[in-house]
Amino acid sequence: MSVKGVAIYTFLSENKEEINIQENEEVVIFDENSVDGWVLGENSRGERGLFPKSYVNIIRPRSDSNVTDCSISPAGSLGNDSPHLPSTPNTSINSGQIYDEDYYDDWDDWDDRSTVVDDADHSNTSTTGANGHIFQAPPSNNPNVHYRSKSVSGQDSMASARKGSMVGRNLNRFSSFVRSGVEAFVLGDVPMMAKIAESYTIEMGSLGPQWKANPRPFICSIEDPTKQTKFKGIKTYISYRVTPSHIGRPVYRRYKHFDWLYNRLLHKFTVISVPHLPEKQATGRFEEDFIEKRKRRLILWMNHMTSHPVLSQYEGFEHFLMCADDKQWKLGKRRAEKDEMVGAHFMLTLQIPNEHQDLQDVEERVDNFKTFAKKMDDSVMQLTHVASELVRKHLGGFRKEFQRLGNAFQSISQAFTLDPPYRSDALNNAISHTGRTYENIGEMFAEQPKYDLFQMLDKLSLYQGLLANFPDIIHLQKGAFAKVKESQRMSDEGKMDQDEADGIRKRCRTVGFALQAEMSHFHQQREVDFKDMMQAYLREQIAFYQRVGQQLERTLRMYDTL
């Protein structure tokens, strides 16, 4: 039975079995389980084929209510402040996601059980947070945790006119502000840790708050993708050699290991934009081109990770990069999955500057960044579309046109041989060689994207994922601003102690400093990445046209001796 859906991302097909879909385009889905993580459907232009399930918001009207059940939660659109359920093309902690070819083997020899929280079984204590984060607030057995004794009833607090009554809760449980636990943090309801083992510092830079740099910076290489088998050849997968520079000792990781790390990062870092992993593919998972593309994009993902002052210091990331022993891997994996300093609790690890910041000025900075990010998102999407079309022309149109031109010159040469008394072998050979030259140039055009446009599209894909995370992160700050204003109004009306209102303002400052630090890192890295991207593209373009020119010059010289 077919169902309707709405595309939440633009997807450009790369195989004949796939079709293009555009953001906000209505689609019809015929088979939700065509291929693991992919669906068979039809776009608004009547084209039928496969596209990623996580790129579509499937709409299923419920018979017992007027609410629409969305099996896949859409990521927020930049420029939209409305609460929304976030999802990324690679998030695998919720149902309905797409998985890699080897995700379901339960970590086989790496692990013997799963410790991922099941939302359905913990509906009273666990909610999904911004960018796929999960916020959990169960009673803790940890002696370092104690809870503030406060009522959590928004109705009771709003109905009370006495001092000390609480700011009302956001009743929309789908709001990223609620799901991530940042509302609870701002209102002072997050468990306070008596001892916090980790700490991340925000300092004031020349342009505002910024993350303190990693004191032990490093880089990491990803090389040698190798097809391997297990269970006597029943299971096939690709293994990558991952080598961090500060250790110098390689470890071998499969895609599902990257996926595990990615989800731990989403789970922990509420206010940080964690880049999406490279996309999965419905067919041709072991084809050389796909393996090479995935390796390129994993390298970019890893480069962003190692360049981030906070993500690069995460204990789970270090475990991923360094642990080669199976037993120790299991222990570290479970330790990371039991980490309590996640989501809103992560905010307790932040050390912020003492400098005063006017909240109105912070709000203005956030609004300016939101406008910038929306425009950048649109322009990245536009460049992605143009570059993708150019790749198609290189592989098809340009090659075909140059081959047609070359064939036409060859035809002229052949015609000149039909009247022997007047034939000129030298001229005929030169014209024939000209035809072959243009055929070669056609092949050169077809080969060129792998040297420049593919790398550009890889970088743009990384930034599409980064930008897709910011609406939810910005929404956290917007929610915090709203609570500050509400608490101050209640204080002015005598409905709340000023000390409590000041506490809300102080915790809002923490959220604001964290968001500004992340904005600053994004801008710094953007300048580096786009400079490198443009320089690499132009260098390859210059080298390409020089090779074309050299071919034409050699052909031209053949006519000089006639």
Quiz item: Among the listed residues Arg423, Arg399, which satisfies the condition of being more than 21 Å from the chain's Cα centre (by Cα), free of Cβ contacts under 8 Å to residues at least 24 places away in the same chain and assigned by the TED database to the domain that holds Gln516?
Solution: Arg423
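Going through Ser432, Ser487, Ser491, Ser411 one at a time, which residue ends up being of a type in the set (Ser, Thr, Tyr) and either under 30 Å from Lys374 (Cα atoms) or touching a Phe, Trp or Tyr at 6+ places or on another chain (Cβ under 9 Å) (or both)?
Working: Ser487 fails: either under 30 Å from Lys374 (Cα atoms) or touching a Phe, Trp or Tyr at 6+ places or on another chain (Cβ under 9 Å) (or both); Ser491 fails: either under 30 Å from Lys374 (Cα atoms) or touching a Phe, Trp or Tyr at 6+ places or on another chain (Cβ under 9 Å) (or both); Ser411 fails: either under 30 Å from Lys374 (Cα atoms) or touching a Phe, Trp or Tyr at 6+ places or on another chain (Cβ under 9 Å) (or both).
Of Ser432, Ser487, Ser491, Ser411, the one residue that is of a type in the set (Ser, Thr, Tyr) and either under 30 Å from Lys374 (Cα atoms) or touching a Phe, Trp or Tyr at 6+ places or on another chain (Cβ under 9 Å) (or both) is Ser432.
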Self-check item: Scope segment 367-397; condition open to solvent by less than 30 Å² (accessible area, probe 1.4 Å) and polar (S, T, N, Q); matching residues
Solution: Thr384, Ser388
Quiz item: Cβ-Cβ below 7 Å, separation at least six or inter-chain, first residue in segment 354-374 and more than 18 Å from Val271 (Cα to Cα), second in a helix (DSSP H, G or I) and of a type in the set (D, E, K, R): which pairs?
Solution: Gln357/Arg509
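Yes or no: Val511 touching a residue at least 40 places away in the same chain (Cβ under 8 Å), more than 30 Å from Trp211 (Cβ to Cβ) and of a type in the set (A, V, I, L, M)? Before the answer, list the steps.
On the way: touching a residue at least 40 places away in the same chain (Cβ under 8 Å): yes; more than 30 Å from Trp211 (Cβ to Cβ): no; of a type in the set (A, V, I, L, M): yes.
No, not satisfied.
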Practice problem: Could you tell me which residue of segment 256-291 is farthest from Asp529 (Cα to Cα), considering only residues that are modelled with pLDDT under 90 and acidic (Asp, Glu)? | Solution: Glu287
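In segment 410-438, what residues are outside any helix (DSSP H, G or I) and open to solvent by 60 Å² or more (accessible area, probe 1.4 Å)? Step through it out loud before you land on a result.
Just the residues of segment 410-438 that are outside any helix (DSSP H, G or I), to begin with: 417-419, 423-424.
Selection gives Leu418, Asp419, Arg423.
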Quiz item: When you go through (1) of a type in the set (Phe, Trp, Tyr); (2) out of contact with any helix residue (DSSP H, G or I) (no Cβ under 9 Å at 6 or more places or on another chain); (3) modelled with pLDDT under 90 one by one for Phe231, which number turns out not to apply?
Solution: (2)
Quiz item: Does Asp497 qualify as being assigned by the TED database to the domain that holds His433, of a type in the set (D, E, K, R), surrounded by 14 or more Cβ atoms within 10 Å (Cβ to Cβ) and over 40 Å from the mean Cα position of the chain (by Cα)?
Solution: yes
Exercise. State whether the residues of segment 398-405 include one that is within 29 Å of Lys459 (Cα to Cα) and either of a type in the set (Lys, Arg) or open to solvent by less than 50 Å² (accessible area, probe 1.4 Å) (or both).
Key: yes
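Are any of the residues in segment 332-351 over 27 Å from Val190 (Cβ atoms), open to solvent by less than 10 Å² (accessible area, probe 1.4 Å) and of a type in the set (A, V, I, L, M, F, W, C)? Give the steps one after another, and end with the answer.
Step one: of segment 332-351, the residues over 27 Å from Val190 (Cβ atoms) are none.
There is no residue in segment 332-351 that is over 27 Å from Val190 (Cβ atoms), open to solvent by less than 10 Å² (accessible area, probe 1.4 Å) and of a type in the set (A, V, I, L, M, F, W, C).
I'm trying to understand the selection: among the residues of segment 1-18, which are closer than 23 Å to Phe290 by Cβ and either within 19 Å of the chain's Cα centre (by Cα) or open to solvent by 50 Å² or more (accessible area, probe 1.4 Å) (or both)? Steps first, please.
Keep residues of segment 1-18 that are closer than 23 Å to Phe290 by Cβ, which gives 7, 9-18.
Residues satisfying the conditions are Ala7, Tyr9, Thr10, Phe11, Leu12, Ser13, Glu14, Lys16, Glu17.
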Exercise. Could you please find all residues in segment 225-271 being more than 17 Å from Phe320 (Cα to Cα), of a type in the set (S, T, N, Q) and either in contact (Cβ under 8 Å) with a residue 40 or more places away in the chain or in a helix (DSSP H, G or I) (or both)?
Key: Thr236, Thr270
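Would a scan of segment 278-286 turn up a residue that is part of a helix (DSSP H, G or I), charged (D, E, K, R) and not assigned by the TED database to the domain that holds Gln464?
Scanning segment 278-286 turns up no residue that is part of a helix (DSSP H, G or I), charged (D, E, K, R) and not assigned by the TED database to the domain that holds Gln464.
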Quiz item: Can you tell which of Ile21, Ile72, Ile98 is at pLDDT 85 or above, touching a strand residue (DSSP E or B) at 6+ places or on another chain (Cβ under 9 Å) and open to solvent by less than 30 Å² (accessible area, probe 1.4 Å)?
Solution: Ile21
Self-check item: Test: Val310 is under 26 Å from Arg249 (Cα atoms), outside the structural domain of Leu466 (by the TED database) and in contact with a helix residue (DSSP H, G or I) (Cβ under 7 Å, 6 or more places away or on another chain)
Solution: no
Quiz prompt | Identity of the residue in segment 192-222, outside any strand (DSSP E or B) and hydroxyl-bearing (Ser, Thr, Tyr), that ends up most open to solvent (accessible area, probe 1.4 Å) | solution = Ser206
Quiz item: What pairs can you find where one residue is in segment 455-467 and more than 18 Å from Ser13 (Cβ to Cβ), the other is open to solvent by less than 20 Å² (accessible area, probe 1.4 Å) and not in a helix (DSSP H, G or I), and their Cβ atoms are less than 6 Å apart, with a gap of 6+ or different chains?
Solution: Leu462/Pro275; Gly465/Pro275; Leu466/Ser273; Leu466/Pro275
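The values are calculated or read from the model by the stated rules, or taken from the named source; none is laboratory data. Not measured: the values here are computed from a predicted model. Ideal geometry is used to build each Cβ from the backbone, glycine not excepted, and the neighbour counts take in all protein chains shown. Areas reflect the complete protein model, heavy atoms only, side chains present, ligands, DNA and RNA absent. Shrake-Rupley method; radii C 1.70, N 1.55, O 1.52, S 1.80 Å.
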